[in-house]
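The structure appears right after this line, and notes come after that.
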Amino acid sequence: MTLATPTLHTARLRLRPFNDADADQLFALHSNPYVMRYWDSPPWDDPVRAERFIDTCRKMTDEGSGARTAIDRASDGAFVGWCGLSGWNPDYRSASLGYILDEAMWGHGYATEAANALLRWGFDVLDLNRVQAETDTRNVESARVLEKIGFLREGTLREDCVVNGEVSDSWVFGLIRREWRPAAVPTSAREERH
């Protein structure tokens, strides 16, 4: 079953399907050691990884397993990062939320705004009941984003990641449909039909 990746608009952002022209900015994002310091894999060192990532996004669409969206700033089209729902299970009505933003875009509320728009789409279009997210326990800023959106911290996965020999723990967060309230950010999220 195919699942079309949406194009969503908020007050300040546009979430859209990835295209081949995004490869350079995607590689710059994922090759930045500071941005990737809490990620579950090391920074990319080969630009081909960006092309494979975009191919994986298309495969997710073709398989109907989720949707990853590129995030652009509406005012100038600047690449902000990406946000996605993966592992969609229509029987369990569940998926996992993930996002990563360019370092220059931190601290502006963009992660909250983008994730809120994608969650709205997930609850409305995918009929999700539960969304899960994980973050490194050292990544307090990401935990704050999840809590601001309404996620509750449900537990800790001890020593679940080993990246370049460094062992780390992850927090597991969950958001249930009946508990979700759209975040208090200016979102006029609407979907474009292609």
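The values are calculated or read from the model by the stated rules, or taken from the named source; none is laboratory data. All values derive from a computational prediction rather than experimental measurement. Backbone-built Cβ (ideal geometry, glycine too); neighbour counts: all protein chains shown.
Criterion applied to Glu154, Glu147, Glu134 was being outside any strand (DSSP E or B), in contact with a strand residue (DSSP E or B) (Cβ under 9 Å, 6 or more places away or on another chain) and among the acidic types (Asp, Glu), and the one residue passing it is Glu147.
If you go through the range 60-79 and keep only what is under 18 Å from the mean Cα position of the chain (by Cα) and under 19 Å from Gly122 (Cβ atoms), you end up with Met60, Thr61, Gly64, Ser65, Gly66, Ala67, Arg68, Thr69, Ala70, Ile71. Residues in the range 62-74 that are outside any loop (DSSP other than H, G, I, E, B) and among the hydrophobic types (A, V, I, L, M, F, W, C) were compared, and the one that is surrounded by the most Cβ atoms within 10 Å (Cβ to Cβ) is Ile71.
Consider the range 1-48 and keep the residues that are of a type in the set (Gly, Ala, Ser) and surrounded by fewer than 17 Cβ atoms within 10 Å (Cβ to Cβ). The one that is nearest to Glu141 (Cα to Cα) is Ser41.
Considering only the range 40-47, I want to know if a residue exists there that is in contact with a helix residue (DSSP H, G or I) (Cβ under 6 Å, 6 or more places away or on another chain) and farther than 23 Å from Leu3 by Cα. Looking through the range 40-47, at least one residue is in contact with a helix residue (DSSP H, G or I) (Cβ under 6 Å, 6 or more places away or on another chain) and farther than 23 Å from Leu3 by Cα.
Here are some residues: Tyr99, Tyr92. Which one is outside any strand (DSSP E or B) and either within 19 Å of Arg120 (Cα to Cα) or under 9 Å from the mean Cα position of the chain (by Cα) (or both)? So the residue among Tyr99, Tyr92 that is outside any strand (DSSP E or B) and either within 19 Å of Arg120 (Cα to Cα) or under 9 Å from the mean Cα position of the chain (by Cα) (or both) is Tyr92.
Which members of the range 75-91 meet the condition of being over 17 Å from Met1 (Cβ atoms) and exposed (fewer than 13 other Cβ atoms within 10 Å of the Cβ)? Ser75, Asp76, Gly77, listed by residue number. Look through the range 120-131, keep the residues that are outside any loop (DSSP other than H, G, I, E, B) and not aromatic (Phe, Trp, Tyr), and return whichever of them is surrounded by the most Cβ atoms within 10 Å (Cβ to Cβ). Per the stated criteria, the residue is Val131. Being part of a loop (DSSP other than H, G, I, E, B) and at pLDDT below 95: is that true of Asp40 here? Yes, satisfied.
Among the residues examined, Ala117 qualifies as outside any strand (DSSP E or B) and touching a strand residue (DSSP E or B) at 6+ places or on another chain (Cβ under 9 Å). Number of residues in the range 157-169 that are part of a strand (DSSP E or B) and free of Cβ contacts under 8 Å to residues at least 60 places away in the same chain equals 8. Residues that are under 24 Å from Val162 (Cβ atoms) and without any contact (Cβ under 8 Å) to a residue 24 or more places away in the chain were ranked within the range 49-61; the one that is surrounded by the most Cβ atoms within 10 Å (Cβ to Cβ) is Arg49.
Can you go through Asp72, Asp127 and tell me which one is of a type in the set (Asp, Glu), in contact with a Phe, Trp or Tyr (Cβ under 9 Å, 6 or more places away or on another chain) and either modelled with pLDDT under 95 or under 25 Å from Arg16 (Cα atoms) (or both)? Outline the logic, then answer.
Details: Asp127 fails: in contact with a Phe, Trp or Tyr (Cβ under 9 Å, 6 or more places away or on another chain).
Testing whether each residue is of a type in the set (Asp, Glu), in contact with a Phe, Trp or Tyr (Cβ under 9 Å, 6 or more places away or on another chain) and either modelled with pLDDT under 95 or under 25 Å from Arg16 (Cα atoms) (or both) leaves just Asp72.
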